[in-house]
Structure formats: structure tokens, C-alpha cells
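Below are the C-alpha cells for one structure; questions will follow.
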Amino acid sequence: MEWVEDVFYGAVTKGVNDTTVAVFKAVCLASIASLAILTYICYTQYPELLVHCIFALSLSVFLYALMHWFLGELGTVSSAEQRKELFGDQTQAINSTKALGMNTDATEPATAVSAPKDRQTKKVE
């Protein structure tokens, strides 16, 4: 289910990742296929609705072609870059917690960390 996270990250950060593009293409092609079937049904049974079905099918094809061109011009970014933009540099955060002696691994028991000796606590009056 990592692809769902990638699509979510693509929606809330800058740029478009490859997973979002693949989902978009799949949805557009499914839309074109369903409208093509609907157009065939209208052609055989409801000829008065044929114009509307052809118009909807042409809009779907035009949208797919336009977005395919636009995404080609825009380019894609990797999901790792989007995660880094959204959450920051996780390796730096993990290293700083290890330097402070904090437990980041759930298999090890947590240890208490005392404040450095050069720090003085001040009373606020």
C-alpha cells in the first residue's frame, strides 16, 4: 500500500511523482473505455443520445492527451524528495536523537537522559 502514500504525498507537496502519474493514466484510460462502451450502447439502442456520448468521449480523450503533454513538460519528482519536503530530513532527526541518548528502536528499553552538567536551570520570578 506504499503507492497510496505516494499518491497522497504527490497531492500535498510540490511536483508530481511517477505513482501519481500512473494512477492518473489508469483512471483516464478507464474513463475513456467506459465512455467508449457507453457510446457503442447509445449507437445501437439510443441514437438520440449519441451526440452527447461522443462529446463526453471526446472531452475525456482531449483531457487525457492534454494532461499527458502537460505532465511530460512538467516532469516528475521522486517520492523520496516529496517525503523529504514534507517531513524534513529524517536521518538528521534520527542521528540527533541517538546523540542525545534517546531510544529510537522499539526493541531496546528506553533509558533516561539527564541534562548536561554545564546547563543551569533558572527560576523565573
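Once you place label points 7 Å from the Cα toward the Cβ at E85 and Y40, how far apart are they in nm?
4.1 nm
Same structure again: Using a basic spin-label model with each label point 7 Å from the Cα along Cα→Cβ, how many nm lie between T76 and E48?
My value for the distance between the label points is 4.6 nm.
Report the local net charge at S78: Lys and Arg +1, Asp and Glu -1, summed over other residues whose C-beta lies under 14 Å from its C-beta.
-3
FYI, it's all coordinate maths here, none of it is from the lab. Quantities reported herein were computed from a predicted structural model and do not represent experimental measurements. Quick reminder, even Gly has a Cβ in these numbers, built from the backbone with ideal geometry, and neighbours come from all protein chains shown.
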